[in-house]
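Here's the structure, in structure tokens; my notes come after.
The values are calculated or read from the model by the stated rules, or taken from the named source; none is laboratory data. Because the structure is a prediction, the values reported are computed rather than measured. Positions of Cβ are backbone-derived with ideal geometry, glycine not excepted, and every protein chain shown enters the neighbour counts. Heavy atoms of the whole protein, side chains included, go into the accessibility calculation; ligands, DNA and RNA do not. Shrake-Rupley method; radii C 1.70, N 1.55, O 1.52, S 1.80 Å.
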Amino acid sequence: MDKPTNNRAWLLVLPVLAVVAFSAVIPLMTVVNYSVQDILGPEQHIFVGTEWFRKVLRDPELHGALRRQLGFSLAVLAIELPLGIGLALALPMKGRSASASLVVLALPLLIPWNVVGTIWQIFARGDIGLLGLVINALGLKYNYTADALDAWLTVLAMDVWHWTPLVALLCYSGLRAIPEAFYQAARIDGASAWATFRYIQLPRLRGVLTIAVLLRFMDSFMIYTEPFVLTGGGPGNSTTFLSQYLTRLAVGQFDLGPAAAFSLVYFLVVLLFSYIFYTAMTQQGQEKAS
């Protein structure tokens, strides 16, 4: 006999749908509406079709911001993933020291983004900051406020310090989920530490590494507060990323039409790259499993 279904249970989902509609769907539709209109005033709108999309996609400043953004995000992944895995492997697995280590490791994650930018703004100064004083004392010319490369590297170091603990905690949780029987079998077979990592730990970390890649790529691709506080996008445009370009377009110049068009392009680019990363990592995992 077929069990009776109670469709009234779907009423429980209505509050969630209402929240999603007001927090995501309606703002997105508003942005789509602005992207095809020229906003002249509160009651003055002119339909322009895809003109703003063509204008934004041909903007050389956008192309430069996109190159800087891609380079920054790839550098973040190249540094934070190996560093996070290394930290997770170095952490103790049992005892009070494990709990204390996790608390200390997670401290940077508890600091607000604007405070992180302020901390590094002082820390990296050449006159009063510890990092700037040490680098200059070594005979290296360092000034993140005047040199583009120094500014870019400082923003990268700040992001690595702030978010590597997240990757380490994810990898640590993945390592804790590996059954002890795997390690016992490796010890019986006389496997080295590298062999244990390559054939036991790394394959078992594939799931959490996929999450780490997606989280860190999306977050680094949308970074705004930290570099804005630290460098303000300078010197020049060396640390002006896509989010700062969008803010300058929407708030600084108040070009709502081009800003709305660019925000949609920005959203689709993030989705595209996230899909590419996710598909590549899952397919590689399926090939190794087979």
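Spot the failing condition for ALA78; the list is (1) of a type in the set (A, V, I, L, M, F, W, C); (2) under 30 Å from VAL160 (Cβ atoms); (3) in contact (Cβ under 8 Å) with a residue 60 or more places away in the chain, and only one is missed.
Unmet for ALA78, out of (1) of a type in the set (A, V, I, L, M, F, W, C); (2) under 30 Å from VAL160 (Cβ atoms); (3) in contact (Cβ under 8 Å) with a residue 60 or more places away in the chain: (3).
Within 22 Å of TYR224 (Cβ to Cβ), in a helix (DSSP H, G or I) and either touching a residue at least 40 places away in the same chain (Cβ under 8 Å) or not small (Gly, Ala, Ser) (or both), is that true of VAL115?
The answer is yes for VAL115.
If SER243 satisfies every condition in (1) open to solvent by less than 30 Å² (accessible area, probe 1.4 Å); (2) over 23 Å from GLY64 (Cβ atoms) but one, which is the exception?
(2)
Take the residues in region 176-189 that are assigned to a loop (DSSP other than H, G, I, E, B) and open to solvent by 50 Å² or more (accessible area, probe 1.4 Å); name whichever of them is farthest from MET93 (Cα to Cα).
Here the residue is ASP189.
Return the total of residues in region 209-230 being crowded, with 20+ Cβ neighbours inside 10 Å, not aliphatic (A, V, I, L, M) and not in a helix (DSSP H, G or I).
Result for region 209-230: 0.
Check region 122-130 and report whether any residue there is modelled with pLDDT under 90, open to solvent by 50 Å² or more (accessible area, probe 1.4 Å), farther than 19 Å from TRP161 by Cα and in a helix (DSSP H, G or I).
no
So, in region 52-86, of the ones that are among the basic types (Lys, Arg) and within 30 Å of MET158 (Cα to Cα), which residue ends up surrounded by the most Cβ atoms within 10 Å (Cβ to Cβ)?
Filtering region 52-86 for residues that are among the basic types (Lys, Arg) and within 30 Å of MET158 (Cα to Cα), the one surrounded by the most Cβ atoms within 10 Å (Cβ to Cβ) comes out as ARG68.
Give me the pairs, please: first residue somewhere in region 131-156 and over 21 Å from GLN244 (Cβ atoms), second residue anywhere and outside any loop (DSSP other than H, G, I, E, B) and among the polar types (S, T, N, Q), beta-carbon distance under 6 Å, and either six or more positions apart or on two chains.
Final answer for the pair search is TYR142/ASN136.
On the basis of being out of contact with any Lys or Arg (no Cβ under 8 Å at 6 or more places or on another chain) and open to solvent by 10 Å² or more (accessible area, probe 1.4 Å), does ALA195 make the cut?
In short, yes.
How many residues are of a type in the set (Lys, Arg) and under 30 Å from ALA100 (Cβ atoms) if we restrict to region 133-185?
1
Just give me the residues in region 146-185 being in contact with a Phe, Trp or Tyr (Cβ under 9 Å, 6 or more places away or on another chain) and acidic (Asp, Glu), in sequence order.
Within region 146-185, ASP150, ASP159 meet the criteria.
Yes/no matrix, rows are residues, columns are (1) within 17 Å of the chain's Cα centre (by Cα); (2) surrounded by 15 or more Cβ atoms within 10 Å (Cβ to Cβ); (3) modelled with pLDDT of 90 or more:
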{"site": "GLY132", "(1), (2), (3)": "no, yes, no"}
{"site": "LEU140", "(1), (2), (3)": "no, no, no"}
{"site": "VAL155", "(1), (2), (3)": "yes, yes, yes"}
{"site": "ASP159", "(1), (2), (3)": "yes, yes, yes"}
{"site": "VAL167", "(1), (2), (3)": "yes, yes, yes"}
{"site": "GLY174", "(1), (2), (3)": "no, yes, yes"}
{"site": "ALA191", "(1), (2), (3)": "no, yes, no"}
{"site": "GLY207", "(1), (2), (3)": "no, yes, no"}
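Please work out which one of (1) open to solvent by less than 30 Å² (accessible area, probe 1.4 Å); (2) more than 30 Å from THR164 (Cα to Cα); (3) part of a helix (DSSP H, G or I); (4) not aromatic (Phe, Trp, Tyr) is the condition GLY49 fails and give its number.
(3)
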